[in-house]
1. Among GLY136, ASN38, VAL52, which residue has its Cα furthest toward the positive end of the charge dipole of the range 1-151, with +1 on Lys/Arg Cβ and -1 on Asp/Glu Cβ?
2. By the scheme Lys and Arg +1, Asp and Glu -1, what is the net charge of all other residues having a beta-carbon under 13 Å from that of GLN139?
3. How large is the charge dipole for the chain, taken about the Cα centre, if only the Cβ atoms of Lys, Arg (+1) and Asp, Glu (-1) carry charge, to the nearest 20 debye?
4. How are the Cα pair distances of the range 133-201 distributed, in percent, across 5 Å bins from 0?
5. Once Lys and Arg get +1 and Asp and Glu get -1 on their Cβ, which of GLN256, GLY239, ILE331 lies farthest toward the positive end of the dipole of the range 209-338?
6. So how strong a dipole does the range 145-303 carry about its Cα centre when Lys and Arg Cβ are +1 and Asp and Glu Cβ are -1, to the nearest 20 debye?
7. Go through PHE316, PRO294, PRO105 and say which Cα lies farthest out towards the positive end of the charge dipole of the chain; charges sit on Cβ, +1 for Lys and Arg, -1 for Asp and Glu.
8. Can you tell me the dipole magnitude for the range 31-176 around its Cα centre, using point charges on the Cβ only (Lys, Arg +1; Asp, Glu -1), in Debye to the nearest 20?
Amino acid sequence: MSHIFHYPHRFPLEGGGSLPELTIAYDVFGEPNARGDNYVWVCHALTANSDVADWWPHTLDSGRFIDSGRYCVVCANILASCYGTTGPLSEDPTTGQPWYDRFPPVTVRDIVAAHRLLARHLGISRVQMLVGSSIGGFQCVEWAVQEPAFARHLVLIATGAKASPWVTALNASQRMAIETDATWGKPSPQAALQGMGTARSIALLSYRGGKAYCKTQAEPPAETALFDRRADSYQRYQGQKLQRRFNAYSYYRLTQAIDSHDVGRGRGGVEAALGRICSKTLVVAITSDILFPPDEHQQLAAMIPGARMATITSDFGHDGFLVEHDQLNDIIQQFINS
């Protein structure tokens, strides 16, 4: 069920400046038990929302690793998104108009700081599991360093301790695509949607990789068309699909938030920061992930005290955490029950 938390105070931002107030949209699935020790907090990825069942199939179901019949599952929409939490489409109370491109850049640390406010509001001081993938995993790493006692179990999927130059380069290309849209900068929720569609097509290349495209977008043997290709139409369809449900100003700011991620900033480096983590930790890589390759996960696991590592075998790249739900469920269930 969806809820709104309003924080009517100034919210400082890591990059300087602040937001006059803060609103966070969140969903809760299941009920807390009498001891209040069955909470699971899910941190969502880039363009997802707080409704876990909407974007992460086969996870809330009975017998699954975040079974809402067993756990009380909380997921909050991230800062700068467009699904209920304060972002570029929100009203700036100082002007009475939406922020649009005036919305300030935010960092992963800002996102986590906002969600920690929500956790305190909900009276949640400790969770059974903190889990996230991609930028959701960034949030989990940051939260576990900021508040080492918060999560009993920490599950980091297809993610890292900092944004690599490769990740930043991909994000920069996406922002360049958005900037080329002639409507970029206009005070409208429809601004730069075509540019965002192109940005999404760039992102998809890194989410899936060559194996997945060759597996799912191969031409039929009897194909005679010279220029009407499956992969072409797939890229255009995916871009249009995001245009119908997301906002370019949010997309732009969230890619910047990804680039901001460095858990070691101001903490003596990545290894020193990760050394603070007290949670029982599982790091999950995907064999074909070109965005966050398995060797980077090995380095991540090696720097977290007592962390374990597991690997999903998949041809679907970074998106394997969405596709290979049975493998992921088995891996996390074994970890939780061990």
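The values are calculated or read from the model by the stated rules, or taken from the named source; none is laboratory data. Worth saying up front: this structure is predicted, and the values here are computed from it rather than measured. Cβ atoms come from the backbone with ideal geometry, glycine included; neighbour counts cover every protein chain shown. Heavy atoms of the whole protein, side chains included, go into the accessibility calculation; ligands, DNA and RNA do not. Shrake-Rupley method; radii C 1.70, N 1.55, O 1.52, S 1.80 Å.
1. ASN38
2. Details: positive: ARG109, ARG116; negative: ASP110, GLU142, GLU147.
Once all neighbours under 13 Å are counted, the net charge is -1.
3. 440
4. Histogram of Cα-Cα distances, whole percents per bin: 3, 16, 17, 14, 12, 13, 12, 8, 4, 1.
5. Ranked along the dipole, the leading option is GLN256.
6. With only Lys, Arg, Asp and Glu charged at Cβ, the dipole is about 440 debye.
7. Farthest towards the positive pole: PRO105.
8. 420
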